[in-house]
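The values are calculated or read from the model by the stated rules, or taken from the named source; none is laboratory data. From a predicted model like this one, the values you see are computed outputs, not experimental measurements. As a convention, Cβ positions derive from the backbone with ideal geometry for all residues, glycine included, and neighbour counts pool all protein chains shown.
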Amino acid sequence: RDRDVTGVQTCALPILSLLAEIREKASKKGKTIVLPEGTEERTLQAIKGIVDQKVAKPILLGDESEIKGLASKIGADLTGAEIINPAKAPFRDDFVQAFYELRKKKGVDLDKANKTMLDPLFFASMMVKMGKADGEVAGAENTTGNVLRPALQIIKTAPGVTAVSGAFIIIVPNCEFGANGTFVFADCAVTIDPSPEQMAVFAKSSVATATDLCGIEEPRIGMLSFSTKGSASHEMVDKVTKATAIAKESYPELKVDGEFQFDAAVVPKVGASKAPGSDVAGQCNVLIFPDIDAGNIAYKVAQRLGKAEAIGPILQGIAKPVNDLSRGCSVEDIVNVVAMTAVRS
Ligand code: ACO
C-alpha cells in the first residue's frame, strides 16, 4: 500500500498542475470532509492547508482536549476545523439506532451498535451516510481494509455498482502514450478476484475518475489480459473477453475494447497490428486489470521502474466518497486526498 505522490522528480510539473487543478475545483465546492484520525499528527498538520486553500471544511473526530493538546505540542493550527467527539456528539443516539437498524440482520444488537459507534472510523462513515459530512478521508494510521469495511457496511455501494475498486492515476514522464502520459489503472487495491461483471463495473467507475480528476476528455478503456483478441486460449482470457462484452452491452456510451495485452492497449503500432479494427486499441488511457494481483503489481512497476507518479488508491463505487491514505503519506498528500474527496462529493 503506497501513495508516493512525492519522490519522483522527472514529472513534477504535470502532477503539480493536476493536483493544483483538483484543489482549485475543490475550493469551489465548499464541501465538509470528516477526518476520523483526530489524534494523528500529519492529519492535524494538514488542517492548515485544507482550511487556507479552502479545499474543504474539515471535521476531526476525537476528544477535544486531547486533540487540542496534541496540536499545541506539535504546533498544528486547527483554526477552521470542527472537532466532534463520537462519545459525546448530540446525535450519537441517532447514529447508534441507525447502525443497529442497518446491521441487525447481521447479528448486531443495540449494545454492539453502541460500542461500534465509539470507533471513529465507523462514526465517520455514519456521518457521511447521515449527511453530516460530504466525504471521509482516513488511513494515515489505519489499514486499507479497516478504512473500507465501515464504508462498505454503512455507506455501501453506489446504485448499479456491485463492487468497489481502487484506481491509481499514473502520470508517466515524457510519455506519448495514454492521455499525454496520464492513465487510470484499476482495480489495484480492493476487489481481489473480480468477476467479469465486476470488471465491467470498474470500467464504468474508472471513466468517472478519468474525467472528474484527470481531466481526460476522451477516456478509452482497455480490458487487459495476457492475450490480444484470441491470441491465447485459457479461462483467464475468457474472463476478460466476457468482461469486455458485458461492459459494451451494459455501458454502450463507453469506448471500451479487449481483451488486450498491455502493449496492444497503449502502443498505437502494436494495437493496429494485433487488434486491427478496434477503435481503442493502441490508444487506451484507462486500463482495467483482470485481478488485484495484476493491478497492484502493475502500478508499482510503473511507479518504481517507469518513474511514474502514482496517485491513489482513489476509491470508486462507494455511494459517497471515502478515500484511503497511505500510512506513509505526507501532510501535503492528506490535503490533496481531501481535495479529491471534495471534488467527488
Ligand atoms: N465491493 C463492494 N462491497 C464489498 C466488497 C467489494 N469489493 N467487499 C466486501 N464488500 C461488502 C460485503 O458484501 C459486506 O457487506 P454486508 O456486510 O452488508 O453484507 C461488507 O462489504 C463487509 O464485508 P466484510 O466481509 O466484512 O469485509 P471483508 O473482510 O471482506 O473486507 C475488503 C472487504 C476490506 C475490501 C477486503 O476485500 C480487502 O481487504 N481487500 C484488499 C485490500 C488490500 O489489502 N489492498 C491491497 C493494498 S492497497 C494498495 O496497495 C494501494
Looking at V8, is it at pLDDT below 95, β-branched (V, I, T), away from the ligand (no atom under 16 Å from the Cβ) and surrounded by 17 or more Cβ atoms within 10 Å (Cβ to Cβ)?
-> yes
Out of all the residues in the range 73-91, is one or more touching a Pro at 6+ places or on another chain (Cβ under 7 Å) and not in a loop (DSSP other than H, G, I, E, B)?
-> no
Among strands (runs of 3 or more DSSP E) entirely within the range 164-248, at least 1 residues that are among the charged types (D, E, K, R) occur in 220-224
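Conditions tested, residue by residue: (1) in a strand (DSSP E or B); (2) touching a helix residue (DSSP H, G or I) at 6+ places or on another chain (Cβ under 7 Å); (3) hydroxyl-bearing (S, T, Y).
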{"residue": "E259", "(1), (2), (3)": "yes, yes, no"}
{"residue": "A264", "(1), (2), (3)": "no, yes, no"}
{"residue": "S273", "(1), (2), (3)": "no, no, yes"}
{"residue": "G277", "(1), (2), (3)": "no, no, no"}
{"residue": "Q283", "(1), (2), (3)": "no, yes, no"}
{"residue": "A310", "(1), (2), (3)": "yes, yes, no"}
{"residue": "L315", "(1), (2), (3)": "yes, no, no"}
{"residue": "D333", "(1), (2), (3)": "no, no, no"}
Can you name the residue in the range 129-146 that is of a type in the set (D, E) and surrounded by fewer than 24 Cβ atoms within 10 Å (Cβ to Cβ) and, of all such residues, is nearest to the ligand (Cβ to nearest atom)?
-> E141
Among the residues of the range 137-167, which ones are closer than 30 Å to P196 by Cβ and among the charged types (D, E, K, R)?
-> R149, K156
Kindly provide the set of residues from the range 271-303 that are of a type in the set (A, V, I, L, M) and crowded, with 22+ Cβ neighbours inside 10 Å, ordered by number.
-> A275, V280, A281, V286, L287, I288
Looking across the range 197-216 at residues that are surrounded by fewer than 19 Cβ atoms within 10 Å (Cβ to Cβ) and in contact (Cβ under 8 Å) with a residue 24 or more places away in the chain, the single one that is nearest to the ligand (Cβ to nearest atom) is E197
Top-ranked residue in the range 147-191 [being of a type in the set (S, T, N, Q) and within 8 Å of the ligand (Cβ to nearest atom); ranked as farthest from D119 (Cα to Cα)] = T162
Please enumerate the residues belonging to the range 241-270 that are buried (at least 23 other Cβ atoms within 10 Å of the Cβ) and either among the β-branched types (V, I, T) or in contact (Cβ under 8 Å) with a residue 60 or more places away in the chain (or both).
-> T244, V256, V266
Are any of the residues in the range 11-18 of a type outside the set (K, R), at pLDDT 95 or above and part of a helix (DSSP H, G or I)?
-> no
Matching residues in the range 289-345 - criterion: being acidic (D, E) and closer than 20 Å to A210 by Cβ = E309, D324
Restricting the range 285-308 to residues that are touching a strand residue (DSSP E or B) at 6+ places or on another chain (Cβ under 9 Å) and not in a helix (DSSP H, G or I), which is nearest to the ligand (Cβ to nearest atom)?
-> F289
State whether one or more residues within the range 98-115 are in a loop (DSSP other than H, G, I, E, B), closer than 30 Å to Q303 by Cα and either within 16 Å of the ligand (Cβ to nearest atom) or free of Cβ contacts under 8 Å to residues at least 24 places away in the same chain (or both).
-> no
Test result for T43, buried (at least 24 other Cβ atoms within 10 Å of the Cβ) and either touching a helix residue (DSSP H, G or I) at 6+ places or on another chain (Cβ under 8 Å) or not β-branched (V, I, T) (or both) | yes
